[in-house]
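S.K.: Next up is a structure, given as structure tokens.
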Ligand code: C5P
């Protein structure tokens with residue numbers, strides 16, 4: 001299987017507070033995107049990044065990542081107005097020989113390479129779509145528009161879903177190209193595959209694959225990196 005990682009990195013990251021695009025915010029002195037791409041680059045044949053759409057951003061991202069994965073294994077495109085559009089724009093430039101695709105948020109900079117390998121192994125084993133996920137630890141409640149509790153959901157059947165998510169290339173292309181898919185605003189790619197009625201396999205996620213969304217997440221990421229440095 002020839003593999004590529006598609007990395008949507010075009011988000012503004014407003015919940016992280018004032019600053020540039022989230023993927024370019026620094027974590028231990030390096031942009032989040034560099035951390036994410038370094039792990040993926042050790043696992044897949046090609047990395048395609050959807051950069052922020054601002055003028056010059058794609059060139060900046062290209063220069064940043066060349067030393068990380070090498071120019072021959074890197075493609076950078078300008079991303080779009082939604083995550084889904086950014087993924088679609090990156091999928092459009094995949095070379096014909098790619099048969100397996102990982103989609104990974106730049107906002108999950110510490111997802112270990114081993115997680116990407118386990119997703120690819122499940123694809124190799126014949127799955128069409130594979131997602132890493134963890135059990136939900138909080139109690140989850142359904143509320144109405146007035147913030148009144150409607151129901152407490154049985155958390156034993158809930159999973160918090162991460163990336164990298166893995167797909168057979170043709171399945172992912174079909175999911176993104178399905179009629180109306182561009183109007184769906186799916187928050188992950190597996191959601192689009194589910195709408196095709198195809199099975200999505202869950203594999204164990206990693207606590208280190210958490211998404212950097214708010215300032216506290218950055219502090220946690222710094223702590224994880226410090227702990228890794230202490231172990232090595
Ligand atoms: O906003 P959120 O954290 O859910 O974004 C998840 C990922 O999607 C991030 O890596 C972000 O850069 C990316 N994204 C994108 N294009 C957008 C919005 C988000 O590539 N227009």
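S.K.: Rounded, prolate or oblate: which fits the stretch 138-232 when a ≥ b ≥ c are the square roots of the eigenvalues of the alpha-carbon gyration tensor, with rounded for a/c under 1.5 and prolate only if a/b beats b/c?
M.R.: Judged from the Cα gyration tensor, the stretch 138-232 comes out oblate (a/c at least 1.5, b/c at or above a/b).
S.K.: Where does each of 202-213, 29-40 land if you order them by average Cβ count within 10 Å, highest first?
M.R.: 29-40, 202-213
S.K.: If the chain between residue 140 and residue 185 were fully stretched, how many nm would it gain, using 0.36 nm times the residue separation less the Cα-Cα distance?
M.R.: 13.9 nm
S.K.: With both bridge residues required to lie in the chain, what share of the DSSP beta bridges run antiparallel, to the nearest 5%?
M.R.: Beta bridges within the chain, antiparallel portion: roughly 45 percent.
S.K.: Here is a further query. Once the Cβ-Cβ distance between residue 147 and residue 219 is put in as r, and R0 is 30 Å, what FRET efficiency do you end up with, to the nearest 0.05?
M.R.: 0.55
S.K.: Calculate, in nm to one decimal, what residue 196 and residue 42 gain on full extension: separation in residues at 0.36 nm each, minus their alpha carbon distance.
M.R.: 52.3 nm
S.K.: A follow-up question, please. I need the Kirkwood Rh of the chain: take the reciprocal of the average 1/r across all distinct C-alpha pairs and report it in angstrom.
M.R.: Every distinct Cα pair counted, the radius reaches 18.2 Å.
S.K.: As a check on your grasp of the helix formula, calculate [θ] at 222 nm for the chain: sum -39500 (n - 2.57) over DSSP H runs of n ≥ 4, divide by the residue count, round to the nearest 500.
M.R.: Only helices count here, giving -10000 deg cm²/dmol.
S.K.: I'd like to compare 62-71, 46-55: which one has the highest average count of other Cβ atoms within 10 Å, and what's the full order after that?
M.R.: Result, highest mean first: 46-55, 62-71.
S.K.: Tell me, what is the percent relative contact order of the stretch 80-232, built from C-alpha pairs under 8 Å that lie six or more residues apart?
M.R.: Across the stretch 80-232, relative contact order equals 32 percent.
S.K.: Please give the peptides 84-90, 219-225, 133-139 ranked by average Cβ packing (other Cβ atoms within 10 Å per residue), highest first, as a rough proxy for protection.
M.R.: 84-90, 219-225, 133-139
Readers should treat all values here as calculations from the given coordinates under stated rules, not as data from a laboratory. For clarity, every value in this text was computed on a predicted model and none was experimentally measured. Positions of Cβ are backbone-derived with ideal geometry, glycine not excepted, and every protein chain shown enters the neighbour counts.
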